[in-house]
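Structure first, commentary second.
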Amino acid sequence: MVTTKSLFSSEGLDDRSLDFLSAAIEKNNLPGFDYFEFKRALHSLAQMNLDEATAHKSAFATAATVGVTKEKLIETAAYYKNVVEKEKAQFDKALESQHATRVTAREEEVKRLRDQIERHKAEIARLQDEVAGYLNQIDQGENAVKLEAEKLEKTHSAFEKTHQAVLLQIDKDIENMHKHL
């Protein structure tokens, strides 16, 4: 049996697309002998290795016996072209929808993530500046602590030295009191 797909098949066509379009043509097949049946007859005659002109004349001779005219064949061929065009329009619409969900939505997600990365980079830069400021404050604080510690140590040292000197003087005075009084 000749399939609709085989009527339109040729090298390099997408199998799934051809299945889809062939099914649409079959589903919308007009009753009676028209372009679709003419195409089947041509295909069968081509299998018999008839030349194209002879195949067309033979298929048309058969069609003419049931009252089909050349105009009717051309008119119904235009009908099937219209069926195929409508399927293309539906396919384009479905493809656009798929594009929106599979491509556009993902592009938007990628853009959102890139924007988020940029916001994070800006936040990281702000935090790095803040950390650098804190490190500067720490350096200043450590220097101040060191200076203050040195001052306190000098003050402590001076006090200790003075304290010892005063104690020595008092001890010496007490010794002198014992000795001279």
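As a proxy for reagent exposure, ranking Leu127, Leu73 by other Cβ atoms within 10 Å from fewest up yields Leu127, Leu73.
Axis of helix 52-64 versus longest Cα principal axis of the chain: the two differ by about 70°, to the nearest ten degrees.
For the chain, adding -39500 (n - 2.57) for each run of n ≥ 4 DSSP H residues and dividing by the number of residues yields -29500 deg cm²/dmol at 222 nm. Cross-link partners for Lys93 among the aspartates and glutamates, with Cα-Cα distance under 15 Å and sequence neighbours closer than 8 places in the same chain left out: Glu85. Averaging the sequence gap over all C-alpha pairs within less than 8 Å and six or more residues apart, then dividing by the number of residues, gives the range 4-88 a relative contact order of 37 percent. When you filter the GluC sites (Glu not before Pro) in the range 1-77 for DSSP loop state and at most 11 other Cβ atoms inside 10 Å of their Cβ, you are left with Glu11. Between Ala125 and Phe20, the modelled labels are 4.7 nm apart [label points 7 Å from Cα along Cα→Cβ]. Relative to the longest principal axis of the Cα atoms of the chain, the long axis of helix 70-99 lies at roughly 10 degrees. At the listed q of 0.14, 0.20 Å⁻¹, the Debye profile of the range 103-171, built from one uniform point per Cα, gives log10 I(q)/I(0) equal to -0.70, -0.87.
Calculated on the Cα set of the range 4-88, radius of gyration then Dmax: 13.3, 37 Å. Share of pairwise Cα-Cα distances greater than 21 Å in the chain is 75 percent (whole percent).
Legend: distances between Cα atoms for Lys5/Lys27; Lys57/Lys88; Lys5/Lys88; Lys5/Lys70; Lys27/Lys70; pairs beyond 22 Å are Lys57/Lys88; Lys5/Lys70; Lys27/Lys70. Of interest is the spacing of the C-alpha centroids, which for the range 143-163 and the range 1-58 amounts to 108 Å.
Coordinate-derived values only; no laboratory data. What you see is a predicted model; the values in this text were computed from it and never measured. Note: ideal-geometry Cβ built from the backbone for every residue, glycine included; neighbour counts use all protein chains shown.
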